[in-house]
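Enquirer: Would you mind keeping the following structure in view while I ask a few things?
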Amino acid sequence: MLDYASDLVKQNDNFVAKVDAMEKSVDNAMNGWKGDAAAAASERAIAHKLHGNHLAITIVGIADQYNIYGVSLGGTRDALLRILDIEMKGSGMTVDDDGNVTAPKVPTGVDGSNSASGALTQQVLDGQASGYQTRIKNLLTQFGDGETAAAKAISSDLQALGDYEKKPDGAPVRSDVQAILDGKSQLPADPKKLHDFWETLTPAEKDALYEKDQYIGNRDGLPSVDRDHYNREKLDDELTRAQNGDPAVADKLPDLLAIQKTLKDNPDAMLMLMDTQSGKLAHAAVAVGNPDTAANVSVNSPGLNGNVRDSLGSMVTENRAVKNLAESTLNKLNPDDPKLGQKVVPIAWIGADLPQGDIGKLNQDVDGTTATGYKDVINDTMARAGAPKLASFYDGVRASHDDGSVHLTAVGHSYGSVMTGLALQQSGHQPVDDLVVYGSPGLDLPYKHAWWPVSGDQQVGNLHVPDGHRYEMTGGSDAVANLPRFGDNPKTLPGFTHLETGPHTTPDGVHRGGAYEHADYPRTTDVDGKPQLRTSGWNTAMIVAGLPNEVVKK
């Protein structure tokens, strides 16, 4: 079984390499071949690639079954042979095919001499035989059960393989799916309804929908594993086209390479969003782990100059530091604490265009980028455009979670906190459990009396996050946070808990550096050659982990 699995994997690797070569050849051809025939060829190539991937995944699954059960059955076999070839060797005992063990007969004299001692010896031998027999029969039963389980698991995967064998183009789709493919119907827009519908689909139906909409992995509500799978498919496609000069994506090549590198550097990451077409900038979201299975999930939104090519990798690195600190703290809880050992998955979300430009150059020669960036960052146009997307993403995290009990935290930095504030005010969306903002120029909340705005008199209830679950951090030298543009600084608003940003020895006994400037909050500092989160990072990690009693308050 193990040798067969090894050979199967080798053959499958060759198959995958040939499918990839086919895809690259078609992509190269598409750069110079246009028209209906080219579109049809491209569509057919995508279909073959998808079906090839499912074949490969199914074959890997079969190989895994042979490996898993081969090891298990091999262990049982070794235990049996150890009894037969070592423990029973030279004992004179015999074993039949059913595992019955017969002890040798002790000879007695013709005249019955030594009958007492012979009977005692025979009793001892029979007892040993009975013990061996019990162990052997148990192992034979265990082996038989293992064979049955292996046959069931392998047969199930072979059935899936057989479906593709019978119909190379995949199994037929149901009428409601076909209606979507024909443009007569649409996928549900609501993330929860979409998730429920998606869970009823076969792999062939999912692939067919991807062929129709290659950005389907960006739809909120899809399971994270499917979002990751289809977004990586699209990433590979666009990378090849961008590297071959396709004008539709060539200018996004640095963004695509940044996504590729981030995924390579983080093998456990999931690509939750990958979009080069809907905005002026590329968009992406990367989760450090699987948010559908984690008890605690956060969605982090960056601010000014947040973009995929320059920011995604560093955001994921910072998120990993938060994840590691949060999980290490959760792993040290008391044995009776229900949060002991829980997982934390932060998501770096750059799912909308953000202001770009070196605002520090305003007093120098102002180029177009700087002027545009300044204009964008002092108004909420971009924040309002991105807020519905962020709100929908929150809903998608809840909808796709395995049991719906996820503890969800919204984290917003700088202009990202403005977008976060607006997202939480979107009507008809599920609220988050906790809110953390730092370096915030305001949350764009309406005043209770718009005709006579008073400091601290904004409608914080519009955030739909209860008192005691809203947190803010403001560094002493943070000019952006201390000169709010979009309403009052959250530190002046009721129901917000103000967290420490200065140097502090946190509850884990570590002395941490402070966050002073606008960009400091999520960043690490080097301590003895190792990166370490600041006090602000500790506070973020504790809120994301659902451990508010561990934060350091001002």
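Bear in mind that the values in this text are calculations on the coordinates, not laboratory data. Just so it is clear, the structure is predicted and the values come from calculations on it, not from any experiment. A quick note on method: Cβ atoms are made from the backbone with ideal geometry, for glycine too, and the neighbour counts reach across all protein chains shown.
Enquirer: For the range 260-550, what D do you get in µm² per second when you plug the Kirkwood radius from alpha-carbon pairs into Stokes-Einstein at 4 °C and 1.567 mPa s?
Expert: 68
Enquirer: Let me ask another. If I fit a long axis through the Cα atoms of helix 36-82 and take the longest principal axis of the Cα atoms of the chain, what angle between them do I get, 0 to 90°, rounded to 10?
Expert: 40
Enquirer: If packing is taken as the average count of other Cβ atoms within 10 Å, what order do 298-308, 82-92 fall into, highest mean first?
Expert: Descending mean neighbour count gives 298-308, 82-92.
Enquirer: Show which lysines lie in cross-link reach of Lys105 when reach means a straight Cα distance below 30 angstrom and same-chain residues fewer than eight apart are skipped.
Expert: In chain and number order, the partners are Lys89, Lys137.
Enquirer: Which far-off residues, 5 or more places away or on another chain, put their amide H under 5 Å from the one on His407, with H placed in the peptide plane?
Expert: The list, which skips near neighbours in sequence, is Asn296, Val297.
Enquirer: Within straight cross-link reach of Lys34, meaning Cα distance under 24 Å, which lysines are found once same-chain residues fewer than 8 apart are removed?
Expert: Excluding near neighbours in sequence, the set is Lys24, Lys49, Lys212, Lys234, Lys252.
Enquirer: Can I ask one more? Go through 24-31, 430-437, 408-415, 313-320 and give me the packing order, highest mean Cβ count within 10 Å leading.
Expert: Output ranking for 24-31, 430-437, 408-415, 313-320: 408-415, 430-437, 313-320, 24-31.
Enquirer: Further question on the same structure: Tell me which residues come under 5 Å, amide H to amide H, from Ala269 once H is placed; ignore anything under 5 positions away on its chain.
Expert: Residues meeting the criterion, in which the H sits 1.01 Å from N, are Gly289.
Enquirer: Let me ask something additional. On a 0 to 90 degree scale, rounded to 10, what angle separates helix 415-424 from the longest Cα axis of the chain?
Expert: 70
Enquirer: What residues from the range 475-501 fall in the zone where the backbone N is under 15 Å from a label point 7 Å along the Cα-to-C-beta line of Thr525?
Expert: Residues 475-478, 500-501 qualify, since their backbone N sits under 15 Å from the label point.
Enquirer: Compute the distance from the alpha-carbon center of the range 458-493 to that of the range 282-302, in whole Å.
Expert: First find each Cα centre; the distance between them is then 23 Å.
Enquirer: Could you size up the charge dipole of the chain around its Cα centre, putting +1 on the beta carbon of Lys and Arg and -1 on that of Asp and Glu, and report it in debye to the nearest 20?
Expert: Here the chain has a charge dipole of around 680 debye.
Enquirer: Which order do peptides 343-351, 136-144 fall in by mean Cβ count within 10 Å, highest first?
Expert: 343-351, 136-144
Enquirer: Let me have the 222 nm mean residue ellipticity of the chain computed from DSSP H runs of 4+ only, each contributing -39500 (n - 2.57), with the sum over all residues rounded to the nearest 500.
Expert: Result for the chain: -16000 deg cm²/dmol, rounded to the nearest 500.
Enquirer: For the range 194-243 and the range 12-44, compute the distance between their C-alpha centroids and round to whole Å.
Expert: 18
Enquirer: So what is the relative contact order for the range 260-550, in percent, with contacts set as C-alpha pairs under 8 Å and at least six apart?
Expert: 16
Enquirer: Which shape class applies to the range 396-533: rounded if a/c is under 1.5, otherwise prolate when a/b exceeds b/c and oblate if not, where a ≥ b ≥ c are the square roots of the Cα gyration tensor eigenvalues?
Expert: Oblate.
Enquirer: Sticking with this one: Which entry in [x] 34.6; [y] 37.7; [z] 22.9 is this structure's computed mean projected area of the Cα convex hull in nm²?
Expert: Only one listed value fits the structure, namely [y].
Enquirer: Report the gain in length on full extension from Asn482 to Leu161: 0.36 nm times residue separation, minus Cα-Cα distance, nm rounded to one decimal.
Expert: This chain segment gains 109.4 nm when fully extended.
Enquirer: Let's test the formula: R0 of 45 Å, r as the Cβ-Cβ distance of Lys554 and Lys261. What FRET efficiency results, to the nearest 0.05?
Expert: 0.75
Enquirer: Mind pulling the angle between the C-alpha long axis of helix 224-243 and the longest principal axis of the chain? Nearest 10 degrees, somewhere in 0 to 90.
Expert: 70
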